[in-house]
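What follows is a single structure, written as structure tokens, with notes after it.
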Amino acid sequence: MKKIFLFLPAMVLIIAACTSPPKSTTIWRVGSLANHGNRIALLPLDVRVHTQGVDKGKKNKIWEKSMNNGYALMKALPSLLESRHFSVTHQLMWSGIGVDEKGLETPMLSDAQMARIFLSMSGFAGSIKNGPLKHSAVPDVFRTLSSSSDLTLYSAQWTNYKHTVDGGKVFLKTLGIILVVVVVAVIVVALVAASGKGGGGGKGGIFSGMGRLFGAGAKGAARATGTVAKAVARTAGRAAIQTARVAARVTFRVMIENGPIVVDIPEGNLEPVYAQSELPAEEPETCNRYLGVYHGISPLRPVFAKYGMFYAFALVENKTGRIVWDARIFIPQGADTKGLDQKLKAVFASLPSYRMAAPALQ
């Protein structure tokens, strides 16, 4: 009998350990930002959603919450960057058009160049690990942006969801919590670091570009569900096969032994998912035919196989294509969100602060 009483507590502890919610993980690495300018261009947020065993209604809800999360995060990023003494010069659209703070639009990259950036950067983001940060990405494309900005920020938000017995209610609730936590974390970090901040100026044009990327217009992201359904239905079938094949052509080249790693995909390896004639008459700048993106909605699958929410960030020096900061946040499906705000604050606080060189002595 005594053995039974000793056995039962041990079993309870084992069961509790096996059923405890998975924990979130964060990683970040920082390179040198010495002697660099402080002008930053923002790439469209790389929002991707993949669901398994989910009905159409639930899939739309997950898409809508993911888009709302992404839109809120993008709107908070300029303030965070400003608090780090950076100045956002342009919001790039999927077509390669840049929108400045006055709302003026300038062709900056081709849609093929944008596709090379996203295929290469997502390949890099999906492979972020601990270890030295010695990577460069599509240097010839980022160099094209160097006349108007010094750095470019790539941001990704990927959702992998598998149907569970609760019908997705817990996951949807978690997405709502993440929305609040992410934005609060960004804002708090920005406010704490705001003393003596650089940058500034109006951001109305930048925000208008963001709104178009998320199908938001002047009403927030309310149009997301209808837009998602139409956009994904239009390109998902072709994109799933074609972009997977093209993404496999992304290369990680080591230039010298233990030296820099260049992530790239040659333009000749790209294939359009749909024809130029299929671009919509309204807001074609929110589309990219090489990626299958239509009205800001990407049919691409996450490059991260685990179930849950995945955030990735990478800051690229435009003159060289060198990645000078990266970060990853993974929130497993079913994870306990307690303490998540502190982890996110730590990640966003790891973004290096730009410091201008001291004036030369006379």
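What follows draws every value from the coordinates through simple rules; no lab data is involved. Quick caveat, the model's predicted, so the values are computed rather than measured. Every residue, glycine as well, gets a Cβ built from its backbone with ideal geometry; the counts of neighbours run over all protein chains shown.
Take the Cα radius of gyration of the range 278-349 and divide it by 2.2 N^0.38 Å, with N its residue count; two decimals is plenty.
Computed over Cα atoms of the range 278-349, the ratio equals 1.50.
Work out, step by step, the length gained on full extension between E267 and L104: first 0.36 nm times the residue separation, then minus their alpha carbon distance; give nm to one decimal. Present the calculation step by step, with values, prior to reporting the outcome.
Values: separation 163, 0.36 × 163 = 58.68 nm, distance 2.80 nm.
That pair, E267 and L104, stretches by 55.9 nm at full extension.
Within the set of other residues whose C-beta is less than 13 Å from the C-beta of H135, count the net charge using Lys and Arg as +1 and Asp and Glu as -1. List each step's numbers first, then the result.
Values: positive: R29, K129, K134, R253, R322; negative: D264, E317, D326.
Net local charge, H135 excluded: +2.
Quick check: the distance between the Cα centres of the range 307-353 and the range 112-130, to the nearest angstrom?
15 Å
Under the Kirkwood approximation applied to all pairs of distinct alpha-carbon atoms, what is the hydrodynamic radius of the range 90-129 in Å? Don't jump to the answer; show the numbers that get you there.
Details: mean 1/r = 0.0909 Å⁻¹.
Result for the range 90-129 stands at 11.0 Å.
Using the beta-carbon distance between S147 and V188 and R0 = 45 Å, what value does 1/(1 + (r/R0)^6) give for FRET efficiency, to the nearest 0.05? Could you put the intermediate results ahead of the total?
On the way: r = 35 Å, r/R0 = 0.77.
Taking R0 as 45 Å, the efficiency between S147 and V188 is 0.85.
Taking the Cα centre of the range 91-192 as origin, work out the dipole magnitude from +1 charges on Lys and Arg Cβ and -1 charges on Asp and Glu Cβ, in debye rounded to 20.
Values: 8 positive and 7 negative charges, 100 e Å.
The dipole magnitude comes to about 480 debye.
Calculate one ³J(HN,Hα) per residue across the range 262-274 by plugging θ = phi - 60° into the Karplus curve 6.51 cos²θ - 1.76 cosθ + 1.60, and present them in order as whole Hz with x for glycine and proline.
9, 9, 7, 9, x, 4, x, 8, 7, 9, x, 7, 9
If I stretch the segment between E282 and A248 completely, what's the gain in nm (0.36 nm per residue apart, minus their alpha carbon distance), one decimal?
Values: separation 34, 0.36 × 34 = 12.24 nm, distance 3.19 nm.
Stretched fully, the E282-A248 segment lengthens by 9.0 nm.
Per-residue counts of other Cβ atoms within 10 Å, averaged by peptide: what ranking do you get for 315-328, 286-299, highest first? Mind dumping the intermediate values first?
Details: 315-328: 22.2, 286-299: 25.9.
Taking the mean over residues of other Cβ atoms within 10 Å, the ranking is 286-299, 315-328.
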